[in-house]
Each structure stands twice: as structure tokens, then as C-alpha cells.
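In what follows, a single structure is set out as C-alpha cells and then discussed.
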Amino acid sequence: MGLLIRGGDVVTTEGVFRADVYADDDGIIRQVGRDLEPASSSDRVVDAGGQLVLPGAIDPHTHVALPFMGTVSCDDWFDATAAGCVGGTTTIFDFVIGSRGERPLETLEAWMAKAEGKAVSDYAYHMAVIEWNDDVEREIPEVVARGIPSFKAFTAYKGALMLEDEELFKAMRAIAAAGGILTIHAVNGAVLNALAEAFAAEGRLGTDVHHLCQPPESEGEATHRAIRLAGLAGLPLYVVHVTCDAALKEIQEANKRGQEVYCETCIQYLLLDDSLYSLPDFEGAKYVASPPLRKPSDQEALWQGIARRTVHTLGTDHAPFHFETQKVMGKDDFRKIPNGMPGVEERLSLLYTYGVETGRITLPQLVEVCCTAPARIFGIDDRKGAIRPGADADIVLYDPHWEGTFSVKTQRSTTDYNCYEGWKRKGRPTQVFVRGRQVVRDSAFCGEPGFGRHLARKPRRR
Ligand code: URP
Ligand code: ZN
Ligand code: ZN
């Protein structure tokens with residue numbers, strides 16, 4: 001059965017235009033144009049009058065069922081992808097992060113098993129390199145051969161995930177040789193640990209010092225270092241969850257020099273600030289993530305970055321932990337609070353409400369950072385990220401007139417709080433399709449566990 005979506009306003013990175021969209025029964029878009037007719041009487045016709053027709057959004061940064069800091073992020077592959085779908089996100093890139101002593105291919109098998117039979121929408125992986133040894137070096141080309149040419153390194157989480165500079169540089173050279181791209185969590189881990197230790201020695205163990213251990217300078221420094229090392233290694237670099245002007249400037253400088261460096265920020269860094277860490281009753285723990293929330297001036301720099309296209313993508317770093325049962329692990333010591341926040345479900349509507357509706361960014365810019373750029377940078381633009389003939393029919397009908405609020409009471413993610421509780425929401429996805437299959441009907445989830453597929457990708461270059 002084909003699918004004809006009639007009369008909506010199709011949004012691309014270039015503009016917004018009234019058009020019909022026709023997808024065949026293989027779930028591939030075949031035509032975008034005016035006055036299209038169904039190809040057969042069995043085709044489904046959906047009226048999109050008054051609605052925006054957006055490409056299914058891509059979240060380049062999630063942590064589904066991630067074992068981390070003594071617990072596991074609480075959304076599994078069904079929960080996270082279903083939450084994504086109701087929020088208009090139909091592809092996620094999840095980080096494959098094992099523990100030291102485990103081979104990358106072993107970790108990858110475990111990740112694939114977790115998603116299999118559960119994912120509702122499509123997904124791809126970034127493979128983390130958390131130590132350097134012969135096994136890791138040997139398996140990097142094999143990981144690429146399995147369709148995963150994007151990797152991840154951390155300059156923080158010392159003793160767990162962090163690579164020292166020598167290891168990082170060796171990993172960069174190996175990834176470059178294999179035709180990969182490296183994503184990086186860039187904060188100076190040594191500074192972070194020294195400052196956290198100093199606060200602890202003063203007996204300051206509350207959430208209010210979390211952000212003071214990772215000041216913007218420590219993010220700027222690590223971003224600078226990673227960029228320079230990647231330049232030496234001849235490796236494309238993608239800096240994840242950029243929070244501040246100090247790091248953004250380093251990336252802009254690199255881009256001016258002609259170096260291939262991409263900048264991702266996440267929705268929380270545009271909208272929430274570090275005053276939340278001083279909330280009473282341990283409430284600040286809900287926002288403990290690394291890097292931390294920053295000042296309004298940094299938020300402003302990131303908004304401008306999106307508008308000027310120097311911030312290339314917008315992710316969520318969706319790493320949900322229950323407040324009552326998981327965040328509470330750090331009640332007496334902020335260093336033990338599982339780091340991470342949910343967001344895969346809220347990102348698109350938040351960006352629409354607080355970005356497009358306020359005039360900070362345009363609809364084509366929303367599509368660029370949430371759909372088209374992640375697809376292009378990570379090599380799925382042959383299938384995803386745009387409404388065009390030949391692409392998968394991953395389509396979101398978004399009703400921009402609907403008004404409501406964000407709330408834990410109505411969310412699908414399994415966290416017991418919503419970071420945007422009670423915030424005004426303008427618009428929401430009404431109908432969502434993944435490869436032509438309906439996964440959201442009248443804003444209610446109707447997808448099927450196991451329908452989601454892994455998106456194997458080609459190396460970027462050799
Ligand atoms: O606090 C965060 N961001 N937790 C998830 C892991 C990471 O660093 O991205
Ligand atoms: Zn990170
Ligand atoms: Zn992350």
C-alpha cells in the first residue's frame with residue numbers, strides 16, 4: 001500500500017512549500033509535487049492541510065540502556081525509540097560503550113542484541129574507544145566494515161572512559177586510516193577531577209558545585225586539543241554536546257582554517273542554565289550531566305551558532321535516569337550522581353516552540369540541525385534527513401497550531417521527571433511514519449517493536 005500525504009507545507013533546508021508527497025509500498029518517497037494522485041486504489045491518502053511536513057528527525061546522540069556510573073540509563077530500545085517517534089525523531093545514533101577489557105566487537109554484539117526486536121524506528125551506532133591496545137587497533141577496521149565508521153572518544157571520566165592524549169592520538173590515526181570520523185566528548189578530565197577533589201575536601205558535595213568542576217575554559221581547552229590532534233591525524237572530528245562559547249570559538253577557528261570539524265549542541269544547553277544546580281531538595285540532580293548547563297550568555301552564543309550555521313547539529317544526549325531510584329545514588333556526593341538527562345522526546349517541539357516561534361531560527365534551520373546535517377555528516381543522507389524522491393518515507397506531520405505543555409504525566413520516556421515540566425509547548429507531531437509505516441497516529445504511539453533496522457554505513461573516505 002502506497003502513501004499519499006496531501007496538501008501539507010513541506011520543509012527543507014532551503015524553504016517551505018506546499019506540496020503532496022507520495023511514497024510507494026516499499027516505504028520510499030517517489031514524488032514530491034502539486035496535485036499528486038494515488039498510484040493505486042489501495043493507496044492510503046492522508047490530509048496534511050494546515051500541517052508542516054518534516055523529515056523524520058535524527059538524533060545524533062543518545063545513550064539507550066547504557067551501563068554507566070553503577071547503574072543503567074532507564075529507557076530501553078523500545079522506550080527510547082517510541083519516545084523519539086512521538087516527538088518526531090525517527091532515527092537515533094546511539095553510542096556503543098563497553099567496559100575496559102572488552103573487545104569493541106564484543107561490545108557491538110551486545111549493543112545489537114539490545115536493539116534487536118525492540119527498536120521501533122531506525123538506528124545507527126557510534127563506537128566508543130575507551131582504551132588503547134592491540135585488540136582495539138585490530139578491530140577498528142572491522143567495526144568500519146560492519147557499517148560503523150563513526151567512533152567516540154572521551155577526554156573526561158578519568159579511570160573509566162577517558163583516553164590519555166597518546167592513546168587518543170593513536171586512536172585518531174587508526175580511525176583516519178580506516179575511513180572514519182571521530183566524535184568527541186571534550187572536557188579536560190584532569191581539571192575536572194582536581195576541582196571536584198578540592199570541593200570534596202572542603203565538604204562541598206552538593207549539586208551546586210557540579211558545574212564549577214567543569215568550567216567553560218576546561219571545555220574550550222579540551223576542544224582545542226582534540227581539534228589540533230585530529231588535524232595532525234588527518235581525521236574529521238565531530239565535537240558532541242558543545243555547551244559554551246569557549247568551545248564554539250575553537251570550532252569556528254578550525255573551520256576558518258579549513259579543518260573538517262563539526263559542532264553538535266543539545267537542546268538542554270539552549271534552554272536550561274546552571275542556576276538549576278542550586279535548587280533545593282536535591283532537585284539540581286535532575287540536571288546533572290556532563291558537560292554541565294551553562295550561563296545565559298553561552299546559550300545565546302549557541303542560538304546564534306544555529307542561526308549562522310556554525311553549530312551544525314542539535315542532539316539530545318538522551319541519557320535518562322530515574323530521580324527517585326538512580327539520581328539519588330549521589331544524594332550525599334554529587335560525584336556519584338549518574339550523569340545525564342532525557343530529551344529525545346522533547347527536542348523537536350522545544351526547538352519549534354523556543355526557536356522557530358520566537359524568531360530565533362527559521363524552519364529550514366530547524367530541519368538542517370535536526371534532520372539533514374546529521375544525515376549528511378554521518379553518511380545516511382542517501383536514505384534519511386530530507387523529504388525528497390529516493391529517500392525513506394520517514395515523515396512527520398507537525399501541527400504548529402496545537403498548544404499544550406510538557407509534562408512527565410504525558411511523556412513516553414520512562415524517567416520519573418521531565419526537565420521542562422509545565423513549560424509551554426507549541427505544536428506537536430500528529431502522524432509519524434518510518435519507511436512509510438505509521439508509528440504515531442493522532443499523536444499517539446502505534447509502532448511495532450522490532451520494526452527498526454540498523455543503518456549500516458560506508459566509510460567516509462579512504
Ligand atoms: O552526562 C552525560 N552526558 N551523560 C552521558 C554520557 C556522556 O558523557 O555523553
Ligand atoms: Zn559526553
Ligand atoms: Zn553523551
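Could you tell me the relative contact order of region 57-377? Use alpha-carbon pairs under 8 Å, at least six residues apart, and round to a whole percent. Write down the numbers at each step before the final one.
Working: 649 pairs, mean separation 61.4, N = 321.
So the answer I get is 19 percent.
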task = Enumerate the helices in the chain for which the Kyte-Doolittle hydropathy averages 0.0 or more and the C-alpha atoms extend at least 15 Å along the helix's axis, using complete DSSP H runs.
result = 104-115, 165-177, 189-201
task = For the chain, build the charge dipole from Cβ charges (+1 Lys, Arg; -1 Asp, Glu) around the Cα centre, then report which of Ala254, Thr89, Val64 sits farthest towards its positive end.
result = Ala254
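How much mean residue ellipticity at 222 nm does the chain get from its helices, if each DSSP H run of length 4 or more adds -39500 (n - 2.57) and you divide by all residues, to the nearest 500 deg cm²/dmol? If you can, show how the numbers build up before the last one.
Details: 12 runs with 124 residues, N = 462.
Computed ellipticity for the chain at 222 nm equals -8000 deg cm²/dmol.
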query = Extension gain Met112-Thr358, at 0.36 nm per residue separation less the Cα-Cα distance, in nm?
reply = 84.5 nm
ask   = Suppose R0 equals 56 Å; then what is the FRET efficiency for Ser40 and Ser407 from their Cβ-Cβ distance, rounded to the nearest 0.05?
value = 0.85
ask   = If you take the charge dipole of the chain about its Cα centre, with +1 on Lys and Arg Cβ and -1 on Asp and Glu Cβ, which of Pro320, His241, Thr372 is farthest toward its positive end?
value = Thr372
query = Any idea what the dipole of region 269-356 comes to, in debye rounded to 20, about its Cα centre with Lys/Arg Cβ at +1 and Asp/Glu Cβ at -1?
reply = 300 debye
ask   = Taking Lys158 as the anchor, which lysines have their alpha carbon closer than 21 Å to its alpha carbon, excluding any fewer than eight residues away along the same chain?
value = Lys170, Lys327, Lys336
message = Suppose each label sits 7 Å from its Cα in the direction of the beta carbon; what would the Asp25-Ala194 distance come out to in nanometres?
response = 6.7 nm
note = Per residue, accessible area of the chain with a 1.4 Å probe, heavy atoms of protein chains only, in Å², comes to 36 Å²
ask   = To the nearest 20 debye, what is the magnitude of the charge dipole of the chain about its Cα centre, counting +1 on the Cβ of each Lys and Arg and -1 on the Cβ of each Asp and Glu?
value = 860 debye
Selected from Pro38, Leu182, Ser73, residue furthest toward positive end of dipole (the chain; charges at beta carbon) = Pro38
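Could you put Asp26, Asp59 in order of accessible surface area, largest first, with the 1.4 Å probe and the full protein assembly present?
The ordering from most to least exposed comes out as Asp26, Asp59.
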remark   = Violations at 27 Å Cα threshold for listed pairs Lys118/Lys409; Lys152/Lys249; Lys118/Lys424; Lys384/Lys424 -> Lys118/Lys424; Lys384/Lys424
query = With each label point set 7 Å from Cα along the Cα-Cβ vector, what nm distance links Glu142 and Asn255?
reply = 3.8 nm
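The values are calculated or read from the model by the stated rules, or taken from the named source; none is laboratory data. Just so we're clear, the structure is a prediction, and the values are computed from it rather than from any experiment. When we count neighbours, we look across all protein chains shown, and the Cβ atoms used for this are built from the backbone with ideal geometry, even at glycine. What goes into the accessible areas is simple: the full protein's heavy atoms, side chains included, and nothing from ligands, DNA or RNA. Shrake-Rupley method; radii C 1.70, N 1.55, O 1.52, S 1.80 Å.
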